[in-house]
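Engineer: Handing you this structure, nothing more for now.
No value in this document is a laboratory result; all are computed from the given coordinates. Quick caveat: nothing in here was measured; it's all calculated off a predicted structure. Ideal geometry is used to build each Cβ from the backbone, glycine not excepted, and the neighbour counts take in all protein chains shown.
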Amino acid sequence: MAILTAKNLTKQYPGEERPALNQANLSIEEGEFLAIVGSSGSGKSTLLHLLGGVDRPTSGSVQLYDTDIYDLNETQLAIFRRRQVGLIYQFYNLLPNLTVRENITLPAELDGKNVPDEQLAELFNTLGLRGKEDALPAALSGGQQQRVAIGRALINKPAIVLADEPTGNLDQRNSQEIMELLHYANVKEGQTVVLITHDPLIAQQASRIITIEDGLLNEG
C-alpha cells in the first residue's frame, strides 16, 4: 500500500532556466526505507521539502494516505506536517536555549500532548542520550545533536520520516549510529523512512534506491 504518492511534481524557482525538480513521479510504500541519491544541486533536497510540505510545488501533487497536502491551507498544513511527518536536517536545527528534553518534546507540546515519562525514558535510552536530558545543544557533540533531532522527529510517532543528509556532518562511526536509529524507526516502530544522501555507501543500507540528477528521478 502506498503511503505517499507524488505526481508530476515540479518546482521552478524564479530566475532559474531549469526547474529544480521536473515532472517527478514517485510512489512510496508503507514501511519502506527509501534512499534518494544525488549530487549537490541535483534537486534532492527540493524533492524532500516538497514531499514533506515544507515548500509548495510550481505544479503537481503530493498525497499522503488520502490527503492531498497542497489542498491544505498554511495552518492546516503546519498541523498535518507536525502530526504526520518527521523531518531531520543535516544541520540539526535545534533551538539553542532549550534543553535536550525540551527540543525533543517541542512538537508534542505544540500539538497539546503530554509525553509520558516512561515513553521519554525509553526514547532517551534508544537515542543513547540518558544523562543528557537537561543539557543544552552547545554542550553536545555533532552526533549527539543529530540524535536529539531524530528524537524530535520521532516524538509524535509520525507516519513518515524524511531525513535530509542526516549523516552529512558526521564521521563514519556517528554516521553508522544515525543509520541504526533510522533502521530502528523503520523496523521497530514501523515508520516509513525516506533518506536523502550523496553517499552511495549510506544509500546501500536502504531497501530501495532512487537517483536524481538535474531534477529528474531515475529508479536504481
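Engineer: Contact order normalised by length for the stretch 1-71, with contacts defined as Cα pairs under 8 Å and 6 or more residues apart; what percent is it?
Structural biologist: For the stretch 1-71, the relative contact order is 39 percent.
Engineer: Could I ask something else about it? Determine the distance separating the Cα centre of the stretch 156-208 from the Cα centre of the stretch 29-54; give it in Å without decimals.
Structural biologist: When both Cα centres are located, 12 Å separates them.
Engineer: While we're on this one: Go through the stretch 117-202 and name the GluC sites (Glu not before Pro) that are in a DSSP coil and have 16 or fewer other Cβ atoms within 10 Å of their Cβ.
Structural biologist: Glu133, Glu189
Engineer: Shifting gears a bit: Within the stretch 1-78, report the trypsin sites (Lys or Arg not before Pro) that DSSP leaves as loop and that have at most 11 other Cβ atoms within 10 Å.
Structural biologist: Those that pass, being in a loop and sparsely packed, number zero.
Engineer: Let me know the shape class of the stretch 83-220, please: from the alpha-carbon gyration tensor, a ≥ b ≥ c as square roots of the eigenvalues, rounded when a/c is under 1.5, otherwise prolate if a/b is greater than b/c, or oblate.
Structural biologist: prolate
Engineer: For Leu4, enumerate residues with amide H under 5 Å from its amide H, sequence gap 5+ or separate chain, H modeled in the peptide plane.
Structural biologist: Under 5 Å from the amide H of Leu4: Ile28, Tyr65.
Engineer: Taking the simple approach of a point 7 Å from Cα along Cα-to-Cβ for both Lys113 and Arg18, what is their distance in nm?
Structural biologist: 4.0
Engineer: Here is a further query. Note down the magnitude of the dipole of the stretch 106-164 about its Cα centre, charges +1 on Lys and Arg C-beta and -1 on Asp and Glu C-beta and zero elsewhere, to the nearest 20 debye.
Structural biologist: Rounded to the nearest 20 debye, it is 180 debye.
Engineer: I'd like the antiparallel share, as a percent to the nearest 5, of DSSP beta bridges with both residues in the chain.
Structural biologist: 50
Engineer: Then there is this: Would you calculate the volume per residue, in Å³, of the smallest convex hull containing every Cα atom of the stretch 117-172?
Structural biologist: Residue-normalised Cα hull volume stands at 95 Å³.
Engineer: Please say if the stretch 1-93 is rounded, prolate or oblate, where rounded means a/c under 1.5 for a ≥ b ≥ c the square roots of the C-alpha gyration tensor eigenvalues, and otherwise the choice is prolate for a/b larger than b/c and oblate otherwise?
Structural biologist: It is rounded, given that a/c, with a ≥ b ≥ c, falls under 1.5.
Engineer: Is the stretch 31-73 rounded, prolate or oblate when judged by the Cα gyration tensor, a ≥ b ≥ c being the square roots of its eigenvalues, rounded requiring a/c under 1.5 and prolate requiring a/b larger than b/c?
Structural biologist: Here the stretch 31-73 falls in the oblate category.
Engineer: If the only charges are +1 at each Lys and Arg Cβ and -1 at each Asp and Glu Cβ, what is the size of the charge dipole of the stretch 146-220 around the Cα centre, to the nearest 20 debye?
Structural biologist: 440
Engineer: As an exercise, identify the trypsin sites (Lys or Arg not before Pro) in the stretch 154-220 lying in DSSP coil whose Cβ has no more than 10 other Cβ atoms within 10 Å.
Structural biologist: Within the stretch 154-220, the qualifying trypsin sites (Lys or Arg not before Pro) (loop, at most 10 other Cβ atoms within 10 Å) are Lys188.
Engineer: I need the phi-derived Karplus couplings for the stretch 27-37: 6.51 cos²θ - 1.76 cosθ + 1.60, θ = phi - 60°, integer Hz, Gly and Pro marked x.
Structural biologist: Calculated HN-Hα couplings, in order: 10, 10, 7, 4, x, 7, 10, 10, 10, 10, 10 Hz.
Engineer: Please give the charge dipole size of the chain, origin at the Cα centre, charges +1 on K and R Cβ atoms and -1 on D and E Cβ atoms. Round to the nearest 20 debye.
Structural biologist: 160
Engineer: Nearest 500 deg cm²/dmol is fine: what mean residue ellipticity at 222 nm does the chain get from its DSSP H runs of n ≥ 4 alone, each adding -39,500 (n - 2.57), divided by its residue count?
Structural biologist: The per-residue figure over the chain is -10000 deg cm²/dmol.
Engineer: If each residue's Cβ is checked for other Cβ atoms within 10 Å, how do Val85, Val100 rank with the fewest at the top?
Structural biologist: Fewest-to-most ranking of Val85, Val100: Val85, Val100.
Engineer: Along the charge dipole of the stretch 108-220, which of Ala149, Asn174, Thr126 sits closest to the positive end, that is, farthest toward it, with unit charges on the beta carbon of Lys, Arg, Asp and Glu (+1, +1, -1, -1)?
Structural biologist: It is Thr126, whose Cα lies furthest towards the positive end.
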